[in-house]
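For reference, the structure is listed below as structure tokens.
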Amino acid sequence: MSVPKELYNLKFSEYLESLKILYSLDDNFKTICDDYCASTLKTEKYKMKFEKYFQYKLEAENLSKELEEEILIYLIRNGWDKK
């Protein structure tokens with residue numbers, strides 16, 4: 001039984017041999033590890049989604065600012081000053 005790759009991280013590095021043994025012998029420990037791995041994968045998934053949507057948000061904000069400037073320039077150029 002192989003240990004999931006999510007368990008090969010810096011926090012567990014000094015316990016890797018013990019982790020491998022316990023993972024194969026202790027069902028309770030395996031369950032905890034599997035839950036940890038599932039949670040880690042979900043965290044990474046949502047982090048990627050957040051970064052993706054954050055990028056879209058930034059793009060939309062930048063476009064809005066550019067369009068605000070264009071509207072103001074258009075109004076000023078066409079004689080529609082503040083009244």
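Before moving on, here are some points about what is shown:
- The set of residues in the range 1-14 being surrounded by 10 or more Cβ atoms within 10 Å (Cβ to Cβ) and not in a helix (DSSP H, G or I) consists of Val3, Pro4, Tyr8, Asn9.
- Among the residues of the range 20-31, just one is hydrophobic (A, V, I, L, M, F, W, C) and open to solvent by less than 70 Å² (accessible area, probe 1.4 Å), namely Phe29.
- Sole residue being open to solvent by 90 Å² or more (accessible area, probe 1.4 Å) and at pLDDT 90 or above, chosen from Glu17, Glu61: Glu17
- Residue identified as of a type in the set (Lys, Arg), surrounded by 10 or more Cβ atoms within 10 Å (Cβ to Cβ), modelled with pLDDT of 90 or more and in a helix (DSSP H, G or I) among Lys45, Lys49: Lys45
- Pairing residues of the range 54-83 that are in a helix (DSSP H, G or I) with residues that are modelled with pLDDT under 90 and open to solvent by less than 100 Å² (accessible area, probe 1.4 Å), at Cβ distances under 9 Å and at least 6 apart in sequence or on separate chains, gives Leu75/Asp81.
The values are calculated or read from the model by the stated rules, or taken from the named source; none is laboratory data. Treat the numbers as computed from the prediction; the structure is a model and nothing was measured. Heads up, the Cβs are rebuilt from the backbone with ideal geometry, glycines too, and the neighbour counts pull from every protein chain shown. Areas reflect the complete protein model, heavy atoms only, side chains present, ligands, DNA and RNA absent. Shrake-Rupley method; radii C 1.70, N 1.55, O 1.52, S 1.80 Å.
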